[in-house]
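Encoded as structure tokens, the structure appears first; notes follow it.
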Amino acid sequence: MPTTRTRRLGFTLIELLVVIAIIAVLIGLLVPAVQKVREAANRMSCTSKMKQLALAAHNYEGANGKFPPAGSGYQFCQTPASGDTKGFNSNGLVLLLPYLEQEPLFKKFNLAESSATAPSAATNTTAVLVGNPATNGNAALASTELSIFACPSDNNPALGRLTGSYYGPSAIHQGAATSYDFITSDSDFSTCNNWRTSTVKRMFGENSITTPASVTDGMSNTLMFGETTRYHVNGAAFAWAYRTWVMTGVDPGTSNPGINLWHLPAVHPTWQNPPYTPVSGRIRTWWAAAGSLHSGGCNFAMGDGSVRFFSESVPSTLWDQLCTMSGGEVANIP
């Protein structure tokens, strides 16, 4: 009888396991590389957006003879005697919209009236709210999510944090968070009109009227915009369309110098109990926090329009030198 040969029609179990193991190893090698490429692209996009913000500020200055203020008419500041008589609670980022290809949105804002209601803990009672943001349209516009104010590395959503009587533009509206804000002083919270009365100024602040000539430390040595996360544990976040409770702007110097601080540098007995577990991407330092989800540091736009990436290892003394615009220091930028 003739013999017949049998053909094997598949893999044995051992062969299949070997193939799966090889694929798993390849994926394990590939994923970190893909993540690095994605983060490099995100960081490049973030740099580009900050560059656009800096150029928009310069275009505004060219049209108006001065840079935009960080905001005006704050009602959350703690010394009403030196504050404004009119409450606007505005953010100067709104003034940059026409220079960021957002002219139609800009025209919808009522700049003659307030951008947000006074927060529940408002102290500056001498500043009377101008108009009602809940009815003048400004509060409704505040929930608009804009790509230009979103760093793609930050996985915190723009919406969800800025609500309620402390952080929302009104009791019935919510705001969209921004990944970028003006370099200001966190003293804008404790002192109304702090920029006008301070002897050592940042480029921006409440009611600031900075010109290029007033930046005597040099535009290339002075910070203009900084990154922040869209989730603040101490506070909520910064809104691009308005300012209310503890929304002063970015300050990597002053009380808690540094960036990417996921926990309070000083131990606070109430805030330590129960013990808090730091979460990367959720700033827990004081309210003027600078930080990002970029590895090892974050971006800052300089006064000359350039954008630089600063490491977490930058010493605190350098942050103070870079923040001030007329301190007379010689900043040795690494």
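Which fully enclosed helices (runs of 4 or more DSSP H) of the range 90-204 have 3 or more residues being more than 14 Å from the chain's Cα centre (by Cα) and crowded, with 22+ Cβ neighbours inside 10 Å?
Correct list: 138-141.
Assess whether THR222 counts as being surrounded by fewer than 24 Cβ atoms within 10 Å (Cβ to Cβ) and either touching a helix residue (DSSP H, G or I) at 6+ places or on another chain (Cβ under 6 Å) or not aromatic (Phe, Trp, Tyr) (or both).
no
Please give the number of the condition PHE189 fails out of (1) touching a Cys at 6+ places or on another chain (Cβ under 9 Å); (2) within 20 Å of GLU101 (Cα to Cα).
With (1) touching a Cys at 6+ places or on another chain (Cβ under 9 Å); (2) within 20 Å of GLU101 (Cα to Cα) applied to PHE189, the lone miss is (2).
Looking at the range 60-89, which of its residues are in a helix (DSSP H, G or I) and over 21 Å from the mean Cα position of the chain (by Cα)?
GLU61, GLY62, ALA63, ASN64, PRO80, ALA81, SER82
Of the residues GLU206, GLU103, GLU145, which is in contact with an Asp or Glu (Cβ under 6 Å, 6 or more places away or on another chain) and acidic (Asp, Glu)?
Values: GLU103 fails: in contact with an Asp or Glu (Cβ under 6 Å, 6 or more places away or on another chain); GLU145 fails: in contact with an Asp or Glu (Cβ under 6 Å, 6 or more places away or on another chain).
Going through GLU206, GLU103, GLU145 in turn, just one is in contact with an Asp or Glu (Cβ under 6 Å, 6 or more places away or on another chain) and acidic (Asp, Glu): GLU206.
Condition check ((1) touching a residue at least 60 places away in the same chain (Cβ under 8 Å); (2) within 17 Å of SER90 (Cα to Cα)) across all residues:
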| position | (1), (2) |
| --- | --- |
| GLY131 | no, yes |
| ASN136 | no, yes |
| THR144 | yes, yes |
| CYS151 | yes, no |
| GLY160 | no, no |
| SER165 | no, yes |
| SER170 | no, yes |
| GLY175 | yes, yes |
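To keep it simple, each residue is scored yes or no on (1) crowded, with 21+ Cβ neighbours inside 10 Å; (2) free of Cβ contacts under 8 Å to residues at least 60 places away in the same chain; (3) under 17 Å from the mean Cα position of the chain (by Cα).
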| position | (1), (2), (3) |
| --- | --- |
| ALA288 | yes, no, yes |
| LEU293 | yes, no, yes |
| GLY297 | no, yes, yes |
| ASP304 | no, no, no |
| LEU322 | yes, no, no |
| ASN332 | no, yes, no |
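One line per residue, one yes/no per condition, for (1) at pLDDT 95 or above; (2) in contact with a strand residue (DSSP E or B) (Cβ under 9 Å, 6 or more places away or on another chain); (3) under 20 Å from GLY249 (Cα atoms); (4) charged (D, E, K, R):
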site: PHE76; (1), (2), (3), (4): no, no, yes, no
site: LEU96; (1), (2), (3), (4): yes, no, yes, no
site: LYS108; (1), (2), (3), (4): yes, no, no, yes
site: ALA112; (1), (2), (3), (4): yes, no, no, no
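Going through THR210, THR248 one at a time, which residue ends up being crowded, with 20+ Cβ neighbours inside 10 Å, out of contact with any helix residue (DSSP H, G or I) (no Cβ under 6 Å at 6 or more places or on another chain) and in contact (Cβ under 8 Å) with a residue 60 or more places away in the chain?
On inspection, the qualifying residue turns out to be THR210.
The values are calculated or read from the model by the stated rules, or taken from the named source; none is laboratory data. The shown structure was predicted, so the numbers you read here are calculated from the model rather than taken from an experiment. A quick note on method: Cβ atoms are made from the backbone with ideal geometry, for glycine too, and the neighbour counts reach across all protein chains shown.
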